[in-house]
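The values are calculated or read from the model by the stated rules, or taken from the named source; none is laboratory data. Worth saying up front: this structure is predicted, and the values here are computed from it rather than measured. Cβ placement follows ideal geometry from the backbone for every residue including glycine, while neighbour counts extend to all protein chains displayed. Remember, those area values only see protein heavy atoms, side chains included, never the ligands or the DNA or RNA. Shrake-Rupley method; radii C 1.70, N 1.55, O 1.52, S 1.80 Å.
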Amino acid sequence: MRNIRNINQNWMFLKEDVSYDLLTDKNFIEIDLPHTWNGIDGQDGGNDYIRDKFWYKKSLTRTELPEGQKYFIEFKGVNSSSDVYFNGNHLGHHDGGYSTFRYEVTHYVDEQNEIYVLADNAVNDRVYPQKADFTFYGGIYRNVSIIGVQDSHFDLLHYGSKGAKVNAHVIDQKGHLELETYVIGKGKVSVEVKDQEGKSVYNGEPTNPIILDNVHLWQGKEDPYLYTVDIKLKEGTKVLDSIEYQVGFRSFHFDSNDGFFLNGKKYPLRGVCRHQDRPKIGNALTVKDHNEDIELIKEVGANTIRLAHYQHDDYFYDLCDKEGFIVWAEIPYISKHMNHANDNAKQQMRELIIQQYHRPSIVTWGISNEITISYAGKDCLAFHKKMNDLVHDLDSSRKTIIANYMPARINNKLNRVPDIVSYNLYFGWYLPFTSLAGWKLDRYHKKYPNEILGLSEYGAEGVDKVFNRFPRRGDNTEAYQAIYHERMLDIIKARDYIWGTHVWNMFDFAADARNQGGEPGMNHKGLITFNRKRKKDAFFLYKANWAKEPFVHLCDKGYEKRKEKKTKIKVYTNQSDIEIYHNSDLVYSGAVHNHKVEVIVVVNKANHVVVKSNNLQDEFQFIKVNKKPKEYKIKKTKNVSWEK
Ligand code: GCB
């Protein structure tokens with residue numbers, strides 16, 4: 001059997017870049033995994049966070065190992081590159097900070113074992129990402145385990161997969177389970193498929209495909225029904241190895257005029273992008289953090305997530321499968337093509353696809369993001385064609401996609417390469433006139449009516465400390481952010497052909513090179529703050545449009561000191577009728593159009609606003625002041641750009 005033991009506890013860390021031979025004399029400090037050395041300096045601005053090579057070490061006795069005849073060490077993510085040593089033996093070098101990799105250690109295991117890992121996030125031109133609007137936190141920031149297996153087992157060294165290739169589809173109303181196993185040694189493979197209630201629906205030979213009648217479909221968020229595929233390697237009745245996958249039977253297709261279809265039904269995809277990091281811990285996340293994120297994404301009512309701009313934790317993809325999100329998965333081939341990194345991009349793509357192949361949630365593999373932001377000449381184009389072919393070779397069931405840069409022309413040759421093109425459009429933020437987003441999409445759709453087109457990013461900064469009576473582009477107020485998103489929602493609603501839309505971003509995130517909104521080191525385009533504690537008004541706008549959970553929400557609550565004589569009160573809700581009271585006077589009673597109601601009230605010395613609908617209620621207070629408070633303005637700081 002396969003025995004997995006997590007070894008995250010009791011590691012040592014040395015913040016020095018020294019050679020392996022000198023390590024014995026060094027004073028390491030005690031830490032537990034997951035860990036990063038950029039938790040603070042990667043989030044405080046200045047683009048001066050430490051990008052270097054540092055050491056981790058861990059002692060392990062034989063008694064701490066799980067049972068097994070062969071042993072493997074598994075890393076779920078070490079950013080960005082690593083060298084691993086086991087009892088003095090160099091196991092290997094891995095490039096790419098966001099995917100799983102393993103080494104066999106059987107022959108090196110002793111009574112006392114010493115593991116050393118050199119983690120490296122130093123600048124280079126071989127490994128993606130190098131240039132992007134987020135912090136590349138260095139360290140062993142995901143789980144590490146020792147896996148014990150029998151001499152015969154499913155291959156653990158095939159691009160970090162569990163040792164099989166599994167995927168479920170629906171073809172002609174029948175469930176097709178695609179199955180291939182990679183066996184090391186001897187044994188007979190058997191497969192059992194169980195439904196969500198645990199009832200066995202197939203038990204036998206690993207035919208490829210296994211065809212099942214009457215499968216219960218995986219129908220997105222409405223019904224994310226999962227089957228378990230239990231694959232065993234046996235010798236007689238003895239089980240040598242056993243692996244499990246959760247799959248969902250579904251079919252999907254994209255239509256250039258009508259967007260996305262799930263199981264033959266039109267299923268417009270409206271959702272968010274997710275960056276994963278958090279204050280002080282960067283990407284060194286816990287299960288609790290991932291759970292909190294998915295709950296918030298559920299609450300806003302999205303049905304799709306673009307997992308930007310790199311491979312996310314296996315656990316998060318699990319959550320997406322279970323909750324029925326449609327996922328765009330991608331690698332960090334971003335912002336700048338580097339000829340020396342072609343092999344690395346291919347390897348990262350292979351790892352992503354081979355590790356996540358079975359997932360019902362994933363429908364697109366993202367090749368690149370805004371690659372044309374830097375010079376992207378013939379090499380870049382030629383390489384996109386290669387990547388596109390590679391993805392098709394690895395997976396013919398899903399689509400390739402790129403997220404293109406706003407200024408990239410619609411006849412840009414790169415747009416002709418992947419199956420689907422989506423654009424990151426920031427008209428209304430970096431450039432004036434939000435409506436140009438609709439104009440650009442329409443022009444594209446008119447010129448290339450048979451191409452599938454999407455909106456991979458759009459957003460505006462929203463900082464909870466700044467307020468403006470007349471919110472406008474570039475002022476970083478949450479109020480403008482909300483207005484921008486109202487306009488974008490109208491643009492989206494009028495265009496059925498857009499296969500998928502993804503708000504940038506669900507959460508604020510760290511980008512150490514930034515200096516915007518009076519808080520260096522942060523990108524504030526999230527619908528929720530970096531610490532996940534505050535939902536911004538734009539969050540409630542989307543919730544009103546997308547979610548069923550009834551609510552009423554008053555906007556601009558933080559705008560507590562108002563100088564103006566008359567002020568606007570705004571409500572977002574998914575209710576059909578509401579009442580608004582200002583200092584006990586009923587100032588609005590009636591219908592809600594397009595999920596929003598706005599009223600103007602005269603500002604008194606003290607003001608108490610209440611909105612009600614049936615048993616739902618929200619309220620807040622503000623006061624009248626003579627001067628606009630200083631703290632409502634952003635101190636002028638130079639806006640450093642990560643693009644340089
Ligand atoms: C983009 C990038 C994303 C940035 C975003 C922004 O288009 O793909 O990584 O964070 O713009 O906020 O500028």
Rh_Kirkwood(region 169-220) over Cα pairs, Å, one decimal, evaluates to 12.4 Å
Cα pairs beyond 15 Å in region 486-540, in percent, come to 56 percent
Ratio for region 546-610, C-alpha Rg to 2.2 N^0.38 Å, reads 1.14
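Order the peptides 209-218, 402-411 from the highest to the lowest mean number of other Cβ atoms within 10 Å of their residues.
Working: 209-218: 16.8, 402-411: 19.4.
The peptides rank, most packed first, as 402-411, 209-218.
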Restricting to Cα pairs under 8 Å and 6 or more apart, the percent relative contact order of the chain works out to 12 percent
For Tyr448, placing the label point 7 angstrom along Cα-to-beta-carbon and taking region 239-270, residues whose amide nitrogen sits under 13 Å are 256
A correct Kirkwood calculation over the Cα atoms of region 132-186 returns a hydrodynamic radius in Å of 14.9 Å
Trypsin sites (Lys or Arg not before Pro) in region 575-638 lying in a DSSP loop, each with at most 10 other Cβ atoms within 10 Å of its Cβ, come to Lys605, Lys627, Lys635, Lys636, Lys638
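With respect to the cross-link table entries Lys70/Lys280; Lys165/Lys386; Lys280/Lys628, which display a Cα-Cα separation exceeding 26 Å? Could you put the intermediate results ahead of the total?
Values: Lys70/Lys280 38 Å; Lys165/Lys386 22 Å; Lys280/Lys628 33 Å.
The answer is Lys70/Lys280; Lys280/Lys628.
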Subtracting the Cα-Cα distance of Glu178 and Ile29 from 0.36 nm times their residue separation yields 48.9 nm
Residue separation between Trp439 and Glu631 times 0.36 nm, minus their alpha-carbon distance, gives in nm 65.4 nm
In region 508-579, the trypsin sites (Lys or Arg not before Pro) that sit in a DSSP loop and have at most 12 other Cβ atoms within 10 Å of their own Cβ are Lys533, Lys548, Lys565
Among Val84, Asn214, His582, the residue whose Cα sits farthest towards the positive end of the charge dipole of the chain, when +1 is placed on the Cβ of each Lys and Arg and -1 on the Cβ of each Asp and Glu, is His582
Of all DSSP beta bridges having both residues in the chain, the percent classed as antiparallel (nearest 5) is 75 percent
Residue by residue through region 162-178, the couplings from Karplus 6.51 cos²θ - 1.76 cosθ + 1.60 with θ = phi - 60°, in Hz, x for Gly and Pro, are 7, x, 8, 10, 9, 7, 10, 9, 10, 10, 6, 6, 10, x, 10, 9, 7
Probe 1.4 Å, all chains present, heavy atoms only: Val625 accessible area in Å², nearest 10, is 30 Å²
Distance in Å, no decimals, from the C-alpha centre of region 53-70 to the one of region 398-417 is 45 Å
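Over region 252-548, with the other protein chains present, what is the accessible area per residue in square angstrom, probe 1.4 angstrom?
32 Å²
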Check: C-alpha center region 101-149 vs C-alpha center region 454-494, spacing in Å is 40 Å
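Mind jotting down a quarter of the surface of the convex hull over the alpha carbons of region 3-149, in square nanometres, one decimal?
Numbers: hull surface 34.7 nm².
So the mean shadow area of the Cα hull is 8.7 nm².
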Under the Karplus relation with 6.51, -1.76 and 1.60 and θ = phi - 60°, whole-Hz ³J(HN,Hα) for region 222-236, x at Gly and Pro, equal 5, 7, x, 6, 10, 9, 10, 10, 10, 10, 10, 10, 10, 10, x
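Would you mind giving the three semi-axes, in whole Å and largest first, of the ellipsoid equivalent to the chain according to its Cα gyration tensor? Display every interim value, and only then the final one.
On the way: eigenvalues 384, 182, 118 Å².
Ellipsoid half-lengths, sorted descending, are 44, 30, 24 Å.
Take the solvent-accessible surface of the protein heavy atoms, probe 1.4 Å, and return the percent of it on region 252-548 that carbon and sulfur atoms account for.
Numbers: 4810 of 9540 Å².
Roughly 50 percent, rounded to a whole number.
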In this structure, the FRET efficiency calculated for Glu244 and Asn594 from their beta-carbon separation, with R0 = 41 Å, to the nearest 0.05, is 0.35
As straight-line cross-link partners of Lys399, the qualifying aspartates and glutamates (C-alpha separation under 16 Å, not fewer than 8 residues apart within one chain) are Asp255, Glu330, Asp389, Asp419, Glu451
If each part is reduced to its alpha-carbon centroid, region 511-553 and region 161-177 end up apart, in Å, by 37 Å
Filtering trypsin sites (Lys or Arg not before Pro) in region 189-224 by DSSP loop and by at most 12 other Cβ atoms within 10 Å leaves Lys199
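Please give the FRET efficiency for Lys565 paired with Ser374, using the beta carbon to beta carbon distance and R0 = 45 Å, rounded to the nearest 0.05.
Working: r = 50 Å, r/R0 = 1.11.
It comes out at approximately 0.35.
Scan the chain and report its longest stretch carrying no GluC sites (Glu not before Pro) that are both in a DSSP loop and have at most 14 other Cβ atoms within 10 Å. Numbers along the way, then the final one.
Details: sites that count: Glu16, Glu67, Glu111, Glu197, Glu564, Glu643.
Answer - 198-563.
Averaged per residue, what accessible surface does region 3-149 expose to a 1.4 Å probe, in Å²? Working shown, then result.
Values: 5840 Å² over 147 residues.
Value returned for region 3-149: 40 Å² of accessible area per residue.
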Ranking Ile7, Ser456, Leu541 by how far each Cα lies towards the positive end of the charge dipole of the chain (+1 on Lys and Arg Cβ, -1 on Asp and Glu Cβ), the top one is Leu541
Rounded to the nearest 10 Å², the accessible area of Met338 using a 1.4 Å probe with every protein chain kept is 10 Å²
Taking only C-alpha positions in region 252-548, Rg and Dmax in angstrom work out to 18.1, 55
Among Lys533/Lys633; Lys15/Lys131; Lys605/Lys627, the pairs whose Cα-Cα distance exceeds 19 Å are Lys533/Lys633; Lys15/Lys131
Hits in region 602-630: amide N under 17 Å from the 7 Å Cα→Cβ extension of Val587, namely 602-613, 618-625
